[in-house]
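The values are calculated or read from the model by the stated rules, or taken from the named source; none is laboratory data. Source: prediction; values computed, not measured. Cβ sites come from the backbone with ideal geometry, for glycine too, and all protein chains shown count toward neighbours. The protein model used for the area step is the full one, side chains on, heavy atoms only, and it has no ligands, DNA or RNA in it. Shrake-Rupley method; radii C 1.70, N 1.55, O 1.52, S 1.80 Å.
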Amino acid sequence: MSSAHLHVTAGRPYPLGASWDGEGTNFALFSANATRVELCLFSPETGRETDRIRLPEKTHDIWHGYLAGVRPGTLYGYRVYGPYDPAVGHRFNANKLLIDPYAKALSGRLTWSDALMGYRVGSRRADLSFDRRDSAFAVPKSVVVDPSFSWGDDLPPETPWNESVVYEVHVKGATMHRPDVRAPNNGRFLGLASDAMLDHLVKLGVTAVELLPVQAFIDDRFLVDRGLVNYWGYNSIGFFAPEPRYLTAGDISEFQYMVRRLHSAGIEVLLDVVYNHTAEGNHLGPTLSFRGIDNVSYYRLVPDSPRHYHDFSGCGNTLNVHHPRVLQMVLDSLRYWVEVMHVDGFRFDLASALCRGARDFDPDGAFLTAIRQDPVLSRVKLIAEPWDVGIGGYRLGGFPPGFSEWNDRFRDTMRRFWRGDAGITPEFATRLLGSADYFDRSSRRPWATLNYVSAHDGFTLADTVAYSTKHNTANGEDNRDGHSANFSANYGVEGPTDDAAINELRLRQRRNLIASLFFSQGTPMMLAGDEVGNGQRGNNNAYCQDNEIGWIDWPDHSDDGPSFTNDPTATAAADSEEEDDELVFQRFVSRLVDFRRRHPILRQNRFLHSNPRESDGMRDICWFSSLGREPGPEDWANPDWRSVGVVLRGAAESAAYEHSDDALFIIFNAATVALPFIVPQPREGYLWREVMTTVSPDGTPEVVLILTGGAEIMTAERSIRVFVEIPRDRNAVAARETNGAWQ
């Protein structure tokens, strides 16, 4: 290819990637073992290669060069020369066009072809053979960008952890079926930034959206062959570039605009990031970027068989963050999303894979140590998925201070308790109080447990109470994929039914599960769509369902009378029997969020250990049986005990809460029969006022009860009742305050 019209100079080894300075672009690529690197430029009109320029300099294993006149919008890629010897780990093949690991944008979609493989597909020597076909026609092109953006007065919301409510959401799935988000923005970043979505999020009360992967990813070949795609996006190929399919016009500023809009509504943006592996798969996978740039450096290879990869991800390979340049790439990527794109934090997919030493999990390893000392990254929200698929990879509670962790034990316990499983009440109590058995160490706080009852991986909330088994046949894997232990129940019929009694029970169980989430210590996370009863037809692994299964089925309430609101003054008419069940459930969830905000003792910064408070001698947590007494060992050991009460007060270890007058008494009855419950004694001069029950569709008690200690009340089967402690002389005022709203 001719490059006579382009003048290349040495440029600089830093920063890595393509950096435009207003007059030209500096290109810098790390490869310790390459013998030559060529920069290839492409026509944006035809997609054909127009120029090939040899990078003239190598400094500290970084190849670099500067091209005057090369501007944003230029398409490029690399060809990297070196030994092709898979037996010792090297897989250089200059016939394969490679994506820049630091590319800030990608153009085009991957086209699957055998030409993407560095070896000859079908050869008896498999990946030890060598393929000479040019892959440029099939590979997305890297794009030179100008990342500057007019942020105006944008500031991060910086919501404290203990005040956070996280909303896990898929960018496309959130808006494809919303009637008030129109094409071409539905399913894209601009759709999530629409007035309709911001209005919904604000009224719901969430403080942060956690976006399923939005870094550039590709669709697995086996899925494409089935007519499916990698919908969730856990198949990254570009750690700096927003996924092109979520851009309306292809400009990365659309992502920045979305962030600014969410910030203006007080909502943080958290990214689910996949640094544990890449889309290049195992030794038989394609050569798209890292493999062809420097396979030995970028991946963790099996020492005794460097032809093969350590696979702690279950996806064929594991990124080698032990290498300083690879660790630098991950950190540079994270800082880029914070400093240039203004995101507020990250959820690390399969985080244990990033924290392994030679084999085992190492909490003091390079990755965690580097992040914790970084002046930028140590100040944003950090969430670990505390497991991988390798031996010893389950590490719940094993991450250091500063990290929150997805707590699947919370999910499973809540589902089992409300399903009525035997012997679950003791663990239910532990999870409700923030899982101190896992997290109360090294000065970690209750917010370190990120609690959830449903997430993208598994049943939605609605499906948890409608299906007893998974129904994943649409994935094309004969229903073998996805978890089999869902701890779900259908309550009489598998899937949708017209049986009114079953549907009412399912709705109540949804209220019980979501209420238990918001009444627990820790950080609550809800799955987008759970607030409107979204289901996936029993599919608990919809990773490849970019269709009605994976998209949120938003109810159209345009003709349903009063609009959705969490206004405590909402009229009784808005809660009429004729109103749509899902609209009422939305209001119920919103009121839960608001109730949690109004009662700081539900989101404390200290663990509760039933210690007496210096201010009044009251213990910060007390459990009660239905007889109104504290349970003894025989109660906790009783496998049939399914009804428990708890009184919550400010933590004895926290001066911020110890002097609070706030106190709650909550009854959790998972039994299948109504039970009488003796009300415990409040403080002297106080009474208990009922403010919420899951028996009611919107949570409002039919009759506001104001009780003294020792009173006996019937608690309906499978229900929650919530009482607040009020001064005796405020009896009449309190009764008026709770007319139609929670307090």
Please go through the range 170-217 and give me each residue that is open to solvent by 50 Å² or more (accessible area, probe 1.4 Å), among the acidic types (D, E) and closer than 23 Å to Q545 by Cα, ordered by number. D180
Does any residue in the range 669-688 that is within 23 Å of G423 (Cβ to Cβ) come within less than 6 Å, Cβ to Cβ, of a residue that is among the aromatic types (F, W, Y) and at pLDDT 95 or above six or more places away or on a different chain, and which pairs are these? A670/F417; A670/W418
Residue selected from the range 486-516 under the condition in contact (Cβ under 8 Å) with a residue 40 or more places away in the chain and aliphatic (A, V, I, L, M), by the criterion surrounded by the fewest Cβ atoms within 10 Å (Cβ to Cβ): L505
Restricting the range 288-333 to residues that are in contact (Cβ under 8 Å) with a residue 24 or more places away in the chain and among the small types (G, A, S), the residue that is nearest to F240 (Cα to Cα): S333
Please indicate, with yes or no, whether at least one residue in the range 26-45 is buried (at least 19 other Cβ atoms within 10 Å of the Cβ), part of a strand (DSSP E or B) and of a type in the set (S, T, N, Q). yes
Based on what the data block shows, is D100 open to solvent by 50 Å² or more (accessible area, probe 1.4 Å) and in a loop (DSSP other than H, G, I, E, B)? no
Pick from the range 53-73 the residues that are of a type in the set (G, A, S) and under 15 Å from R12 (Cβ atoms): which of them is surrounded by the most Cβ atoms within 10 Å (Cβ to Cβ)? G65
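I'm trying to understand the selection: among the residues of the range 381-439, which are of a type in the set (S, T, Y), in a loop (DSSP other than H, G, I, E, B) and either at pLDDT below 95 or crowded, with 21+ Cβ neighbours inside 10 Å (or both)? Give the steps one after another, and end with the answer.
Filtering the range 381-439 down to residues of a type in the set (S, T, Y) leaves 394, 404, 413, 425, 430, 435, 438.
This time we only want the ones that are in a loop (DSSP other than H, G, I, E, B), so: 394, 435.
Answer for the range 381-439, where residues must be of a type in the set (S, T, Y), in a loop (DSSP other than H, G, I, E, B) and either at pLDDT below 95 or crowded, with 21+ Cβ neighbours inside 10 Å (or both): just S435.
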Could you grab me the full set of residues in the range 680-693 that are under 39 Å from the mean Cα position of the chain (by Cα) and of a type in the set (A, V, I, L, M, F, W, C)? W688, V691, M692
Please name all residue pairs, on different chains or six or more residues apart, with Cβ atoms under 6 Å, provided the first residue is in the range 384-411 and is free of Cβ contacts under 8 Å to residues at least 40 places away in the same chain and the second residue is open to solvent by 40 Å² or more (accessible area, probe 1.4 Å) and part of a helix (DSSP H, G or I). G402/R372
Starting from residues that are in contact with an Asp or Glu (Cβ under 7 Å, 6 or more places away or on another chain) and part of a loop (DSSP other than H, G, I, E, B), keep the ones in the range 580-609 and report whichever is surrounded by the most Cβ atoms within 10 Å (Cβ to Cβ). L608
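Run down R359, R325 and say which single residue is part of a loop (DSSP other than H, G, I, E, B) and among the basic types (K, R). Quick ask: steps written out before the conclusion?
Working: R325 fails: part of a loop (DSSP other than H, G, I, E, B).
When all the criteria are applied, what remains is R359.
Can we say G710 is within 32 Å of the chain's Cα centre (by Cα), of a type in the set (G, A, S) and in a loop (DSSP other than H, G, I, E, B)?
Working: within 32 Å of the chain's Cα centre (by Cα): no; of a type in the set (G, A, S): yes; in a loop (DSSP other than H, G, I, E, B): yes.
Criteria not met by G710.
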Given (1) within 26 Å of D114 (Cβ to Cβ); (2) in contact with a Ser or Thr (Cβ under 7 Å, 6 or more places away or on another chain), where does R325 come up short, assuming only one miss? (1)
Out of A249, A279, A241, which single residue is open to solvent by 30 Å² or more (accessible area, probe 1.4 Å), of a type outside the set (D, E, K, R), closer than 22 Å to D546 by Cα and not in a helix (DSSP H, G or I)? A249
Pairs needed: first member in the range 433-455, at positive phi; second member anywhere, in a helix (DSSP H, G or I) and open to solvent by less than 50 Å² (accessible area, probe 1.4 Å); C-beta distance under 6 Å; at least 6 residues apart or different chains. G434/P446
Which numbered condition trips up D180, out of (1) part of a loop (DSSP other than H, G, I, E, B); (2) among the acidic types (D, E); (3) closer than 30 Å to R445 by Cα? (3)
Which of (1) at pLDDT 95 or above; (2) closer than 23 Å to F588 by Cβ; (3) touching a helix residue (DSSP H, G or I) at 6+ places or on another chain (Cβ under 9 Å) is the odd one out, the single condition L687 does not satisfy? (2)
Hits in the range 423-438 - residues which are within 11 Å of F607 (Cα to Cα) and touching a Lys or Arg at 6+ places or on another chain (Cβ under 8 Å): S435
Check on G233, outside any helix (DSSP H, G or I), modelled with pLDDT of 95 or more, open to solvent by less than 20 Å² (accessible area, probe 1.4 Å) and in contact with a Pro (Cβ under 7 Å, 6 or more places away or on another chain): yes
Residue list for the range 214-230, restricted to those being of a type in the set (D, E, K, R) and outside any loop (DSSP other than H, G, I, E, B): R221, D225
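Do we have F130 as open to solvent by 30 Å² or more (accessible area, probe 1.4 Å), over 26 Å from D332 (Cβ atoms) and part of a helix (DSSP H, G or I) here?
When the stated conditions are applied, F130 does not pass them.
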W20 vs. criteria modelled with pLDDT of 95 or more, out of contact with any Phe, Trp or Tyr (no Cβ under 6 Å at 6 or more places or on another chain), surrounded by 16 or more Cβ atoms within 10 Å (Cβ to Cβ) and under 26 Å from R91 (Cα atoms): no
Identify, by number, the condition in (1) surrounded by fewer than 22 Cβ atoms within 10 Å (Cβ to Cβ); (2) in contact with a Gly (Cβ under 6 Å, 6 or more places away or on another chain); (3) under 29 Å from F189 (Cα atoms) that R261 doesn't meet. (2)
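Of G550, G533, G529, which residue is surrounded by 15 or more Cβ atoms within 10 Å (Cβ to Cβ) and over 30 Å from R721 (Cα atoms)? Don't jump to the end; show me each part of the working.
Working: G533 fails: over 30 Å from R721 (Cα atoms); G529 fails: over 30 Å from R721 (Cα atoms).
Testing whether each residue is surrounded by 15 or more Cβ atoms within 10 Å (Cβ to Cβ) and over 30 Å from R721 (Cα atoms) leaves just G550.
Tell me, which residue of the range 692-708 that is touching a residue at least 60 places away in the same chain (Cβ under 8 Å) and in contact with a strand residue (DSSP E or B) (Cβ under 8 Å, 6 or more places away or on another chain) is most open to solvent (accessible area, probe 1.4 Å)?
It comes out as V695.
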Screening V121, V165, V169, V145 for residues that are farther than 30 Å from L602 by Cα and touching a residue at least 60 places away in the same chain (Cβ under 8 Å) leaves only V145
For the range 367-374, does any single residue satisfy the condition of being touching a residue at least 40 places away in the same chain (Cβ under 8 Å) and of a type outside the set (A, V, I, L, M)? yes
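Please tell me if S135 is touching a Ser or Thr at 6+ places or on another chain (Cβ under 8 Å), within 30 Å of Q536 (Cβ to Cβ) and either open to solvent by 20 Å² or more (accessible area, probe 1.4 Å) or small (G, A, S) (or both).
On the way: touching a Ser or Thr at 6+ places or on another chain (Cβ under 8 Å): yes; within 30 Å of Q536 (Cβ to Cβ): no; either open to solvent by 20 Å² or more (accessible area, probe 1.4 Å) or small (G, A, S) (or both): yes.
So S135 fails the test.
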